[in-house]
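Reviewing the structure listed below.
The values are calculated or read from the model by the stated rules, or taken from the named source; none is laboratory data. Here the structure is a predicted model, which is why all the values come from computation and not from measurement. Cβ placement follows ideal geometry from the backbone for every residue including glycine, while neighbour counts extend to all protein chains displayed.
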Amino acid sequence: MAYSDKVIDHYQHPRNVGSFGTSKDVAARRDIGVGIVGAPECGDVMQLQLRISDEGVIEDAKFKCFGCGSAIASSSLATEWIKGRTIDEALTIRNTQIVEELSLPPVKIHCSVLAEDSIRSAIADFQKKNGLAAAKAETDAAAH
Amino acid sequence: MALKLPIYMDNAATTRTDPRVVEAMLPYFTEKFGNAASRNHVFGWDAEDGVETAREQAAALVGASSKEIIWTSGSTESNNLAIKGAARMYAKGPEGTKNRGHIITCVIEHKAVLDPCKRLEREGFDVTWISPPADGVVTRQMIADAIRPDTILVSIMWVNNEIGTINEVPEIGKLCHEKGIIFHTDATQWVGKMPTDVERDCIDLMSWSSHKIYGPKGVGALYVRRRNPRVRLEAIIDGGGHERGMRSGTLNVTGVVGFGKACELCREGMDADRERLYSLKQKLERELLSRLEVVQVNGHADRRVPHIANISFGYVEGESLLMGIKDIACSSGSACTSASLEPSYVLKNLGIGDELAHSSLRLSIGRWTTEAEIDYAIQAIEKSVQHLRTLSPLWDLFKEGIDVSKIEWQSH
């Protein structure tokens, strides 16, 4: 399979790799939303952690990814796109934009879907921890 | 000698044709280009001479008589002819009926054995699918336990193509002979690399392929026993009655000549090649096991051929690992299924966890593999696994002491 230059670049130099602590640490922190999507038996697991201000701005984002090069690139790109954005802005990101930016072939579209899901899942976690209502229709659309 | 990239470590998929083989083939393209079945002129006789010399060379490699060698297009066709041809010939009932006979095979055979057996199931034969334990070895006892009064055919590969494990083939052959059952073995990863003697090893039908042993693609052989017992096959390709009626069609003369030469070269260099490959493979496995945590060499500890290493790297996904070692040509699972995102059915059937099956590499070495290439591969794989583990959320969970298999994942 031929990878696009952008996928190769993200694979070799992934942006914002890491986490804000162990799974236990971040579970206890109310300023951090954690999204873990995918499953090992499907060959990809994405973990996205967002540090979000009281005003709802994503101040920092960290990812880890078990998956193919396209999955790694999709999650790396997602962190670049959402840093500094508000929650509402981040929720407008669509997997199709990721597909386009990385020139993903049809068999790799699920990687971009997973990246979109991880954003929604991390934001939902933050909202749940802080007793905030989930941003209505946007999150419903994520259930597929 | 300077290291030339990329490095080829996929010799179980196919091999580079030996230049001596190419040289032997060349006259048969432009000078001795006749049809081996043409009986009336020197062009035909020359081609036939080339084919018959090759038949002697192939027979000599496996301890057979040249009359017992049938040329085919490769192991897939040999397996089809052996399995369908024997089942239909020795069927206990006519087409369209049930209970036409019992066949024994194994779930980690190559697709070229599994699929013909599945077709025979639909044609009224009964198939027992043996599931070997995690070490992958099919033993005599497993076959003995599966044999029934109506068993007509046992088909067990000599060496598994993905993990390189060696099944108890002479023992299974002996058992089948005692019971009067036809025994077929797909010996594609065995013949040419390991000493073979169809008499001593009690083989009735045996498939192998030219392109796995430094010969050209598109040609293979089926050994068909002629004495004690004489094995008969129903042809699957009709038309002209070539190859004693078992496989019609004009012979691929250039391919056959090359295959014969490849067999001869394997016979001459086998012992030296085997020792050299064994020590290279040992180094590869030993170094990776000592440099990295959570690494597993798949298959039986000792009963493995010297040219195939199948290694799983925990918490790393296979495709991304291949991307990280792009200068090393190897496969993740079987080459025939690597277009799909599924993990290897062989590793799955052996009960190797998904997180390990997803991250397995099959590195298969050959006649031209050098120690410098092995050293390069060790370093490249180590570096790539380390890089991917810094990215892997599963690796973090493992390091925190959390059992990844116990987590409820939201599959999609």
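Checking the stated criteria, B:Asn298 turns out to be on the phi < 0 side of the Ramachandran plot, of a type outside the set (Asp, Glu) and outside the structural domain of B:Ala58 (by TED's automatic domain parsing). Of the residues making up region B:57-73, at least one is of a type outside the set (A, V, I, L, M, F, W, C), within 30 Å of B:Glu199 (Cβ to Cβ) and within 19 Å of the chain's Cα centre (by Cα).
Has region B:12-28 got at least one residue that is modelled with pLDDT under 95, under 30 Å from B:Lys326 (Cα atoms) and of a type in the set (A, V, I, L, M)? No, region B:12-28 has no match at all.
Just to be sure, is B:Thr17 polar (S, T, N, Q), in contact (Cβ under 8 Å) with a residue 24 or more places away in the chain and in contact with a helix residue (DSSP H, G or I) (Cβ under 6 Å, 6 or more places away or on another chain)?
Against the criterion (polar (S, T, N, Q), in contact (Cβ under 8 Å) with a residue 24 or more places away in the chain and in contact with a helix residue (DSSP H, G or I) (Cβ under 6 Å, 6 or more places away or on another chain)), B:Thr17 does not qualify.
Results for (1) of a type in the set (S, T, N, Q); (2) within 13 Å of the chain's Cα centre (by Cα), shown as yes or no for each residue.
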residue	(1), (2)
A:Val34	no, yes
A:Ile58	no, yes
A:Ser76	yes, yes
A:Val99	no, no
A:Leu104	no, no
A:Val107	no, no
A:Ser121	yes, yes
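When the residues of region A:17-29 are filtered to those that are within 11 Å of chain B (Cβ to nearest Cβ) and out of contact with any strand residue (DSSP E or B) (no Cβ under 7 Å at 6 or more places or on another chain), the one that is surrounded by the most Cβ atoms within 10 Å (Cβ to Cβ) is A:Ser23. Taking first residues from region B:308-331 that are free of Cβ contacts under 8 Å to residues at least 60 places away in the same chain and in the same structural domain as B:Ser344 (by TED's automatic domain parsing) and partners that are crowded, with 23+ Cβ neighbours inside 10 Å and charged (D, E, K, R), the Cβ contacts under 9 Å between residues at least 6 apart in sequence or on separate chains come to B:Ile311/B:Arg362; B:Ser312/B:Glu355. Kindly indicate whether any position in region B:42-63 is in the same structural domain as B:Lys217 (by TED's automatic domain parsing), out of contact with any helix residue (DSSP H, G or I) (no Cβ under 7 Å at 6 or more places or on another chain) and in contact (Cβ under 8 Å) with a residue 60 or more places away in the chain. Checked against the condition, which is being in the same structural domain as B:Lys217 (by TED's automatic domain parsing), out of contact with any helix residue (DSSP H, G or I) (no Cβ under 7 Å at 6 or more places or on another chain) and in contact (Cβ under 8 Å) with a residue 60 or more places away in the chain, region B:42-63 yields at least one hit. When A:Ile32, A:Ile58, A:Ile36 are checked against the criterion of being hydrophobic (A, V, I, L, M, F, W, C), touching a strand residue (DSSP E or B) at 6+ places or on another chain (Cβ under 9 Å) and within 9 Å of another protein chain (Cβ to nearest Cβ), A:Ile36 stands alone in meeting it.
Scanning region A:1-16 for any residue that is touching a strand residue (DSSP E or B) at 6+ places or on another chain (Cβ under 9 Å) and either crowded, with 24+ Cβ neighbours inside 10 Å or part of a strand (DSSP E or B) (or both) turns up nothing.
Residues in region B:70-95 that are among the aliphatic types (A, V, I, L, M), assigned to a helix (DSSP H, G or I) and touching a strand residue (DSSP E or B) at 6+ places or on another chain (Cβ under 8 Å): B:Leu81, B:Ala82, B:Ile83, B:Ala86, B:Ala87. Considering only region B:157-169, I want to know if a residue exists there that is in a loop (DSSP other than H, G, I, E, B), without any contact (Cβ under 8 Å) to a residue 40 or more places away in the chain and surrounded by fewer than 24 Cβ atoms within 10 Å (Cβ to Cβ). Yes, some residue in region B:157-169 is in a loop (DSSP other than H, G, I, E, B), without any contact (Cβ under 8 Å) to a residue 40 or more places away in the chain and surrounded by fewer than 24 Cβ atoms within 10 Å (Cβ to Cβ).
One residue stands out among those in region B:362-393 that are hydroxyl-bearing (Ser, Thr, Tyr) and more than 26 Å from the chain's Cα centre (by Cα): the one that is surrounded by the fewest Cβ atoms within 10 Å (Cβ to Cβ), which is B:Thr390. The single condition among (1) under 17 Å from B:Ile83 (Cα atoms); (2) without any contact (Cβ under 8 Å) to a residue 40 or more places away in the chain; (3) surrounded by fewer than 24 Cβ atoms within 10 Å (Cβ to Cβ) that B:Pro149 does not meet is (1).
Residues in region A:47-54: is at least one within 12 Å of A:Ile119 (Cβ to Cβ), within 10 Å of another protein chain (Cβ to nearest Cβ) and assigned to a helix (DSSP H, G or I)? Within region A:47-54 (the criterion being within 12 Å of A:Ile119 (Cβ to Cβ), within 10 Å of another protein chain (Cβ to nearest Cβ) and assigned to a helix (DSSP H, G or I)), the answer is no, since none of the residues qualifies.
Scanning region B:67-102 for residues that are under 15 Å from B:Ser248 (Cα atoms) and at pLDDT below 95 yields no hits at all. Name every residue in region B:18-58 that is in contact with a Ser or Thr (Cβ under 9 Å, 6 or more places away or on another chain) and part of a loop (DSSP other than H, G, I, E, B), in order of residue number. Hits for region B:18-58 are B:Leu26, B:Phe33, B:Asn35, B:Ala36, B:Ala37. If you check B:Ile143 against the conditions, is it in contact with a strand residue (DSSP E or B) (Cβ under 9 Å, 6 or more places away or on another chain) and in contact (Cβ under 8 Å) with a residue 40 or more places away in the chain? Answer is no for this residue. Residue-level check: of (1) touching a residue at least 24 places away in the same chain (Cβ under 8 Å); (2) at negative phi; (3) over 22 Å from the mean Cα position of the chain (by Cα), B:Leu347 misses just (3).
Quick one: in region B:135-156, of everything that is assigned to a loop (DSSP other than H, G, I, E, B) and among the charged types (D, E, K, R), which residue is farthest from B:Met89 (Cα to Cα)? Among those residues, the one meeting the criterion is B:Asp135.
Quick grid of which residues meet (1) surrounded by fewer than 22 Cβ atoms within 10 Å (Cβ to Cβ); (2) assigned to a helix (DSSP H, G or I):
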| site | (1), (2) |
| --- | --- |
| B:Ala262 | no, yes |
| B:Asp273 | yes, yes |
| B:Glu285 | yes, yes |
| B:Glu293 | yes, no |
